[in-house]
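> Sending over a structure as structure tokens; questions will come in a sec.
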Amino acid sequence: MKYVLMFAETEQFAADLAAMDETERERAYGRVRQWFTDNADKITSHTHLMPAHTATTVRLDQAEPVITDGPFVEGKEVISGFAEIDVADLDEALRIVASWPACPLVEIRPIAG
Amino acid sequence: MELARVVREHAGRLAASLVSLIGDFSAAEDLVQDAVEAALQHWPIEGIPANPDGWLYTVARRRGLDALRRNARFRDKLALAAWPPQPVPDDRLRLIFTCCHPALPRTAQVALTLRVVCGLTTAQIARAFLIPETTVAQRITRAKRKISDAGIPYRIPAADELGARLVEVMTVVYLLFNEAYLPTSSQRAQAQHLAADAEFLATLLAGLMPNVPEVLGLLALIRLHRAREAARFTPDGQIIQLPDQDRSRWDRDVIVDAAWLIARAASLKKPGPYQLQAAIVAVHTEAGRWVDTDWQQILILYTMLDRLAPSPVTKLHRAVALRYVAGPDVALAAVGELRQALNGYHLWHATRAELLRDLGRPDEAHEADRRALELTANPAEQSLLRQRISWA
């Protein structure tokens with residue numbers, strides 16, 4: 001089954017990352033690279049997004065499109081990237097996610113069809 | 001009761017083998033429900049057949065070949081199935097792990113386990129939990145959809161995840177049992193069914209995983225509580241508290257058997273919360289009279305339990321043991337420290353009331369009982385507290 005993992009950051013996580021010095025941050029990135037290497041045979045694609053301040057949302061359920069600044073979910077958690085994985089079942093997806101070394105929230109969603 | 005027992009014994013087995021056979025949890029579950037509904041209609045009139053599993057399997061297969069016309073894949077698998085049904089190795093463990101998967105909400109885990117593993121109908125589950133049948137049906141439908149759409153597997157978890165997943169399963173069984181423990185008087189019969197379901201599940205788990213000490217501990221705990229069932233209520237549904245129970249009405253055979261389970265669990269040398277809770281109940285059952293209770297031992301066990309799984313409710317129980325070991329003043333101080341955490345819990349106030357009464361402070365005791373009464377919704381507990389208030 002194919003799943004998309006949606007990674008979400010929190011304000012706390014962003015602040016912690018910002019507070020790190022150069023070596024600490026490099027080590028944190030290194031752990032993420034290692035995770036992608038370790039699971040390379042199951043990850044079909046992945047994307048890291050620019051931070052939330054770059055987001056623009058368009059609402060199309062009004063008479064005219066309404067364009068607003070920021071992500072569509074107003075909250076402390078914002079999507080920061082996603083990866084597509086191809087595994088046997090939800091348990092295997094959960095196993096991979098359990099070792100994710102970075103942002104504190106991951107949503108697992110099966111791909112339709 | 002006999003009918004419930006036979007259904008419970010066979011429905012889960014049928015569900016397990018049908019899921020294996022047609023490879024679809026939801027479709028298999030529908031067939032089992034049909035067969036169970038048919039059994040509940042026919043058996044009370046025609047009697048329980050000599051071969052209940054064959055009977056259920058026949059109905060499920062016939063219904064399946066008919067109902068699964070839309071889905072040729074499942075139907076063909078069913079048509080090719082060995083006939084008559086062959087005895088299969090017990091697959092119910094896989095079934096339990098799927099029903100109690102952590103990706104399902106707790107309420108769905110409970111409903112699904114009762115329905116699929118114990119063969120309860122939606123209506124029976126609704127009655128047991130005093131919730132509308134539509135709510136139960138909705139929970140089950142959603143859960144089944146999530147199982148198939150999200151790819152929740154039908155298998156026993158791998159060794160490294162088994163521990164956490166087993167905790168999930170044991171929590172569901174424990175919740176069922178707790179739900180059955182303090183029924184309202186009008187719910188007594190339902191609750192006994194539910195307690196029997198919980199014991200059935202714990203027995204099944206212990207049979208399938210005989211070397212997991214916490215599983216044995218959970219089974220012992222449930223059996224020990226059930227062994228005292230007959231002595232816990234007056235005929236009109238009033239609670240009889242432990243000191244006042246007629247201990248000759250406790251089921252000694254069950255108690256001996258549970259003690260053996262606890263000893264076996266202990267020999268595996270991995271203590272856990274269920275084993276400790278069972279051990280505490282066992283100490284109570286060993287005392288011939290209330291005054292013979294080994295409180296020192298109970299205090300030690302509660303101390304261990306609180307260290308292993310810290311909780312304010314365990315500390316409250318520990319304080320009760322402390323009353324008999326160190327006196328009511330020491331116990332009251334310990335209870336006082338829990339005010340913040342347990343101010344909304346009726347038993348905190350009720351325990352305080354008893355200690356205050358011991359210490360000759362009846363006015364404060366009265367006030368605490370009154371608070372406790374405001375906080376409980378259980379009629380049997382309400383009536384007990386009302387009595388205490390009127391005596392004071």
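> Take every residue in peptide B:306-316, count the Cβ atoms of other chains within 10 Å of its Cβ, and give the average of those counts. Each step should come with its number before you reach the end.
Numbers: counts 0, 0, 0, 0, 0, 0, 0, 0, 0, 0, 0.
What the average comes to for B:306-316 is 0.
> Taking the Cβ of A:Thr57 as the center, what net charge do the other residues with Cβ under 13 Å away carry, scoring Lys and Arg +1 and Asp and Glu -1? Could the numbers behind the result be given before it?
Working: positive: A:Arg59; negative: A:Asp61, A:Asp69, A:Glu74.
Cβ neighbours under 13 Å give a net charge of -2.
> Determine the sum of side-chain charges near A:Ile67: Lys and Arg each +1, Asp and Glu each -1, restricted to other residues whose C-beta is under 14 angstrom from that of A:Ile67.
Net of charged neighbours comes to -2.
> Across peptide B:221-227, what mean number of C-beta atoms from other chains lies inside 10 Å of a residue's C-beta?
0
> Next question. If you place +1 on the Cβ of every Lys and Arg, -1 on the Cβ of every Asp and Glu, and leave all else neutral, what size is the dipole of chain B about its Cα centre, to the nearest 20 Debye? Write down the numbers at each step before the final one.
Working: 47 positive and 43 negative charges, 177 e Å.
The calculated dipole for chain B is roughly 860 debye.
> Same structure again: Among B:Glu199, A:Glu107, what is the fewest-to-most ranking by other Cβ atoms within 10 Å?
Fewest-to-most ranking of B:Glu199, A:Glu107: A:Glu107, B:Glu199.
> Under 10 Å, Cα contacts only: if you run a Gaussian network model on chain B, which one of B:Pro379, B:Pro44, B:Pro153 comes out with the highest mean-square fluctuation?
B:Pro44
> Let me ask something else. With each run of n ≥ 4 DSSP H residues scored as -39500 (n - 2.57), what mean residue ellipticity at 222 nm is computed for chain B after dividing by its residue count and rounding to the nearest 500 deg cm²/dmol?
Dividing the helical sum by the residues of chain B leaves -23000 deg cm²/dmol.
> Placing +1 at every Lys and Arg Cβ and -1 at every Asp and Glu Cβ, with all other atoms neutral, what dipole size does the protein assembly as shown have around its Cα centre, in debye to the nearest 20? Numbers along the way, then the final one.
On the way: 57 positive and 63 negative charges, 232 e Å.
Charge dipole, the protein assembly as shown, about its Cα centre: 1120 debye, nearest 20.
> While we're here: Give the long-range amide H neighbours of A:His46: residues separated by 5 or more places, or on another chain, with amide H under 5 Å away, using H modelled in the peptide plane at 1.01 Å from N.
A:Glu84
> Another question, then. Who wins for biggest fluctuation among B:Ala11, B:Ala282, B:Ala333 in a Gaussian network model of chain B, springs between alpha carbons below 10 Å?
The residue that fluctuates most here is B:Ala333.
> Could you list A:Phe36, B:Phe129, B:Phe233 in order of exposure, starting from the residue whose Cβ has the fewest other Cβ atoms within 10 Å?
So the ranking, lowest neighbour count to highest, is A:Phe36, B:Phe233, B:Phe129.
> Run the dipole for segment A:2-110 about the Cα centre, Lys and Arg Cβ at +1, Asp and Glu Cβ at -1, nothing else charged, and hand back the magnitude in debye, nearest 20.
Numbers: 10 positive and 20 negative charges, 37 e Å.
Rounded to the nearest 20 debye, it is 180 debye.
> Find the all-direction average of the projected area of the Cα convex hull for segment B:1-89, expressing the result in square nanometres with one decimal place.
Spelled out: convex hull of the Cα atoms, projected over all directions, averaged, 5.5 nm².
> Run the simple label-point estimate for B:Ala333 and B:Glu133 please: 7 Å along Cα→C-beta, distance reported in nm.
So the two model labels end up 5.8 nm from each other.
> Could you tell me how many cubic angstrom of Cα convex hull volume the protein assembly as shown has per residue?
231
> Mind running the shape call on segment B:305-357? Use the C-alpha gyration tensor, a ≥ b ≥ c as the square roots of the eigenvalues: rounded below 1.5 for a/c, prolate if a/b tops b/c, oblate otherwise. Working shown, then result.
Working: a/c = 2.05, a/b = 1.15, b/c = 1.78.
Because a/c hits 1.5 or more and a/b fails to exceed b/c, segment B:305-357 counts as oblate.
> Turning to a different aspect of this structure: Could you work out the equivalent-ellipsoid semi-axes for chain A, taking the square root of 5 times each eigenvalue of the Cα gyration tensor, largest first, in whole Å?
Equivalent-ellipsoid dimensions as semi-axes: 26, 22, 11 Å.
> Ok, one more. Which residue, B:Leu18, B:Gln33, B:Ala79, has the largest displacement toward the positive end of the dipole of segment B:1-89 when charges sit on each Cβ (Lys, Arg +1; Asp, Glu -1)?
B:Ala79
> Putting +1 on Lys and Arg Cβ atoms and -1 on Asp and Glu Cβ atoms, find which of B:Gly272, B:Ala258, B:Val110 reaches farthest to the positive end of the dipole of chain B.
Toward the positive end, the furthest listed residue is B:Val110.
> Something else now. Go ahead and set up a Gaussian network model of chain B, Cα springs under 10 Å, then flag whichever of B:Ala341, B:Ala108, B:Ala206 fluctuates most.
B:Ala341
> Still on this model: Got a sec? Charge dipole of chain B, +1 on Cβ for Lys and Arg, -1 for Asp and Glu; which of B:Ile239, B:Ala195, B:Asn378 is way out at the positive end?
Highest projection toward the positive end goes to B:Ala195.
> In what order do B:Asp34, A:Asp38 fall by count of nearby beta-carbon atoms within 10 Å, going from fewest to most?
On the way: B:Asp34 18, A:Asp38 12.
Ascending number of Cβ neighbours within 10 Å: A:Asp38, B:Asp34.
Each value in this text was obtained by applying a stated rule to the coordinates, not by laboratory testing. Computed from a predicted structure; not experimentally measured. Here Cβ is always computed from backbone atoms with ideal geometry, including for glycine, and neighbour counts include all displayed protein chains.
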